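This report concerns only the one structure given below.
The values are calculated or read from the model by the stated rules, or taken from the named source; none is laboratory data. Everything numeric in this text was worked out from a predicted model, so none of it was measured. For neighbour counting, all protein chains shown are included, and Cβ atoms are generated from backbone atoms with ideal geometry for every residue, glycine included. When the accessible area is computed, the model is the full protein with side chains, heavy atoms only, and any ligands, DNA or RNA have been set aside. Shrake-Rupley method; radii C 1.70, N 1.55, O 1.52, S 1.80 Å.
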Amino acid sequence: MSLAMQFYLSTLLIYLGIDVMACWGLNLQFGVTGLVNFAYVVFQAAGAYTAAVLTLGPSSGNGGFQRYIGGTHWPFPLPIIAAGAVGGLLSLAFGAIALRRLRSDYQAMVMLVMSLIATSVVTNQEGLFNGPNGLSIVPKPLASVLNLSLNAYQWFFVALTGLFCLLVYLFVHLVTGSPLGRALRSVRENESAAAALGKNVAGLRLLAFVSGGVIAGISGALLVEFISAWSPGSWLFPETFVFFAALIVGGAGNNFGAMLGALLVPIAFLEATRFMPAFGYPGLVDALQWVVVGVLTLIFLWFWPRGVVPERKRRFADAGFSARHPRPEPPAVSVAASQDQSPVKSESVILQVRDLHRDFGGVKAVDGATFAVPLGRITGLIGPNGAGKSTAVTMIAGGLKPSSGSIRFLDEDVTGRASYQMARLGVIRTFQISSEFARLTVMENLLVAAQNHPGEKMHTVLLGKWSWRHHETELLDRARALLVRFDMAHMEDEYAGNLSGGQKRLLELMRALMAQPRLLLLDEPMAGVHPTLARRIEQILLDLRDEGMTMLMVEHELQVVERLCDPVVVMARGRVISRGTMEQIRSDQGVLDAYLVG
């Protein structure tokens, strides 16, 4: 092989390694957590600039023809480490603005606008970033120490890039293969359901965003150290769409798919256009690159939305479950464990709602509701459509903040606490519409509901699987016991999105039990379920009540309420109009009027 060909091949390998790292960082944000970050290239550019100025030395050097901030001579690899830190800090600032209170589609637009603003500022502020000229003659790492020939140094940089690729891969592999990765995927699938199971959605999203920003900064630093130059014109927002195209083609959510996408799109596909014969006006071929990327992305989104290498289905070994719990006799899943976290201070009431209000632009969805939930019983919450039942349950669960009033749980004022905080106290809810994590298996849906999993903390994840494996094994046994009890053991490895409507209801109930609730909030648990399965769910709820579970259930079928609930609370027009047994409520004229008039 000629020296020219070796030089070309080594250059391609370096660019491949840098693109692979960038794709892994974006995959952590987009493929795993569902964050559409159109400002990704900004974090790469920030890392690249940081590495450049920490390598170049003071701006007064080299004749002072370049103006920049923070110039100094740091030894390798400190500039690259600093680049990762700057990428993480910048993503933390971006994430604090865009991720907390905005919908995902608005977040994407905010990121795109931020990218455009950053490009404009960097290009026009010559005193800070040397304007459109950028930076040049950035010293190559260890070049003066190694004293290698140009071709030999190229292969040294290939090895250096490979080393950083290995380190980044180990990190993303540890994260995505851990319970933390499972929690991130649950956020991607259904934020509300994840929060209702105790996941700090904002914190998890920010963690993934910052982690991806660190990786982006490192990849940008390696690129600028290789090409010895930094120009703002090379870090424009369309570059981010190349990485998105790579993930869509390769397979979002899969680390190997992200690597394959980096090989296929920015390397093979775009590099091939360099060998096209020139035609049309100057620059037409370069402009067509973006057309090609766009068409390729659309084709895959239409025909192969999961990419060449889809996100893999995660299966779990049977860690001795069958030996300890024979299948013919399903073990009882006691709810007693959910009652010993701290003593119940009241002898009879676990939840007290007082004068609860919730307004939506002048519409009073809940207007002064007051009721209590006794311990160890199923309390029914009924009323005509629009009575405010689901809104009241959502406020109790922390999904909505009350306009006024108070909610006390275990004699503690919990008014206005977030969903994940209420879940961590033991208040777990199910939803009116099935809220499964569709692209997680049945088993993963159950495991993600467990509280206080050590494997969901970054510092534990970095220690390796041994630090959380034992806890995971215990959770697998608990989950398999539930699957046996609910006659769904054969569905363990099925994607939750492929279940029937009734099976999804059972899964949601099992998932709630995995969280070991002290108070279970059920919002129409049998809505849309086949009558046979509905009767089965009824029996399960009765069994759970007999085991000591406390429940508050919204239900429209009054016969179901009569069989399951005592006491029953009736709401109409946002207010509590009656309470008592179903027999007492049937003779209440106010209740009859509410149902007849609405």
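If you take every residue apart from Val363 with its C-beta less than 15 Å away from the C-beta of Val363, what net charge results, scoring Lys and Arg +1 and Asp and Glu -1?
Local net charge: +2.
Expressed in nm to one decimal, what extension gain is obtained for the pair Gln421 and Leu288 from 0.36 nm per residue of sequence separation less their Cα-Cα distance?
42.8 nm
Using the Cα atoms of the stretch 73-117 to build a convex hull, what is its mean projected area in square nanometres?
3.9 nm²
At 1.4 Å probe size, with every protein chain present, just tell me what the per residue accessible area of the chain comes to in Å².
Accessible area per residue: 43 Å².
Keeping every protein chain in place, order Asp593, Asp523 by accessible area at 1.4 Å, biggest value first, i.e. largest first.
I get Asp593, Asp523, largest accessible area first.
Along the Cα→Cβ direction, 7 angstrom out, place labels at Ala159 and Arg101. What is the inter-label distance in nm?
For the pair Ala159/Arg101, the computed spacing is 5.3 nm.
Taking R0 as 35 Å, what's the FRET efficiency between Lys140 and Lys465 from their Cβ-Cβ distance, rounded to 0.05?
0.40
At 7 Å along the Cα-to-beta-carbon direction for both Val363 and Asn498, put a label point, then send me their distance in nm to one decimal.
Label-label distance for Val363 and Asn498, simple model: 3.9 nm.
How much FRET efficiency would the formula 1/(1 + (r/R0)^6) give for Leu236 and Lys313, where r is the Cβ-Cβ distance and R0 is 35 Å, rounded to 0.05?
It comes out at approximately 0.40.
Which FRET efficiency value, to the nearest 0.05, is calculated for Met5 and Ser228 with the Förster distance at 22 angstrom and r the Cβ-Cβ distance?
After rounding to 0.05, the efficiency reads 0.50.
Once you've got the Cα coordinates, tell me which of Lys364/Lys504; Lys389/Lys457; Lys389/Lys504; Lys313/Lys389; Lys364/Lys457; Lys140/Lys457 are over 29 Å apart.
Violating the 29 Å Cα-Cα cut-off are Lys364/Lys504; Lys389/Lys457; Lys313/Lys389; Lys364/Lys457; Lys140/Lys457.
Once neighbouring chains are kept in place and the probe is 1.4 Å, which whole percent of the accessible area of the stretch 162-248 is contributed by carbon and sulfur?
Looking at the stretch 162-248 in its full context, I get 71 percent from C and S.
Using a simple spin-label model with points 7 Å from Cα along the Cα→Cβ vector, what separation in nm is obtained for Lys401 and Ile69?
3.4 nm
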